[in-house]
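The values are calculated or read from the model by the stated rules, or taken from the named source; none is laboratory data. If you're wondering where the values come from, they're calculated on a predicted model, not measured in any experiment. Methodologically, a virtual Cβ is constructed for each residue, glycine included, from the backbone with ideal geometry; neighbour enumeration extends over all protein chains shown. The area values use the complete protein model at the heavy-atom level, side chains included, leaving out ligands, DNA and RNA. Shrake-Rupley method; radii C 1.70, N 1.55, O 1.52, S 1.80 Å.
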Amino acid sequence: MRVRDLNKVELVKQKAIELLVKDGFEGFTMNKLAKACKLSVATLYIYYEDKDDLILKIGIEEVQRMGAIMLEDFDPELPFADGLRQQWKNRARCMIENPLSAQMIEQLRNSTYQDKMFETFKKIFGFPLGKFMQNAVDRGEINAMPLEVYWCVAFAPLYSLIRFHNDGQSLAGSAFVLTDKMIWDTFELVLKALKK
């Protein structure tokens, strides 16, 4: 059995992410990936069992990598405003610096792979964000609410702004570049909406 070449593994991963975002799951094939990597298809099967195995492994690895970035310097014990601010800072940086990975993960969340993705998200974010939210409720900083409601109010505005930024255009189709002022003005609105 041949030894895994880490440079090839990284090349395969990067090209797979690019192709998945560009062509979607239906247009993505192991043959296209091998050609993009200038490798034989047989080489891909050294690293992955099949197309599904490749997509899942790369998707889970990217969720774990980006999750680690999103949780940098975050402590569930932080006061609500400080903890949410750290989350916004980390998430904005992570998604702006990794637009293809962010798009691929979003595709996975809306596909037949969603159960595995949600399982991975829960492992990474379940405890720290659940504890953070519960601490904020216990301290009287926010009202108790379903996690889904909290997430929609707390993070959906940021994710929408980043999507416009990564697309380079607004809803009206004009050029759009996200600024720090936009991020933090929106953050203040979100904070007001959530705080008691």
> Along the range 143-151, what does the Karplus equation 6.51 cos²θ - 1.76 cosθ + 1.60 (θ = phi - 60°) give for ³J(HN,Hα), rounded to whole Hz, x for Gly and Pro?
Replying inline: 7, 5, 7, x, 3, 5, 5, 4, 4
> How much space per residue, in cubic angstrom, does the convex hull of the C-alpha atoms of the range 1-91 take up?
Replying inline: 127 Å³
>> What is the distance in Å between the Cα centroid of the range 9-77 and that of the range 146-179?
In response: 25 Å
>> For the chain, what does the accessible surface come to per residue with a 1.4 Å probe? Please give it in Å².
In response: 56 Å²
> Peptides 98-107, 158-167: what's the order by average Cβ count within 10 Å, highest mean first?
Replying inline: 98-107, 158-167
>> Give me the percent relative contact order of the chain, please, defined on Cα pairs under 8 angstrom at least 6 residues apart.
In response: 19 percent
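Within the set of other residues whose C-beta is less than 12 Å from the C-beta of LYS57, count the net charge using Lys and Arg as +1 and Asp and Glu as -1.
-3
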> Using 1/(1 + (r/R0)^6) with R0 = 30 angstrom and r between the beta carbons of ASP5 and THR112, what's the FRET efficiency to the nearest 0.05?
Replying inline: 0.50
> Once the piece of chain linking ARG163 and LYS122 is laid out straight, how much longer is it, given 0.36 nm per residue of separation minus the C-alpha distance between them?
Replying inline: 12.5 nm
> Can you list residues whose amide H is under 5 Å from GLN169's amide H, if they're 5+ apart or on another chain and H is modeled 1.01 Å from N?
Replying inline: PHE176
> What lysines could a cross-link reach from LYS22, if we take a straight Cα to Cα line under 26 Å and drop same-chain neighbours fewer than 8 places away?
Replying inline: LYS8, LYS13, LYS32, LYS35, LYS38, LYS51, LYS57, LYS116
>> What's the magnitude of the charge dipole for the chain around its Cα centre, counting Lys and Arg as +1 and Asp and Glu as -1 at the beta-carbon? Answer in Debye, nearest 20.
In response: 300 debye
>> Using the Karplus curve 6.51 cos²θ - 1.76 cosθ + 1.60 with θ = phi - 60°, what ³J(HN,Hα) values do you get for each residue of the range 161-168, in whole Hz, with x for Gly and Pro?
In response: 4, 5, 4, 4, 4, 5, 6, x
> What full-extension length gain, to one decimal in nm, is calculated for TRP151 and GLU77 as 0.36 nm per residue of separation minus the Cα-Cα distance?
Replying inline: 24.8 nm
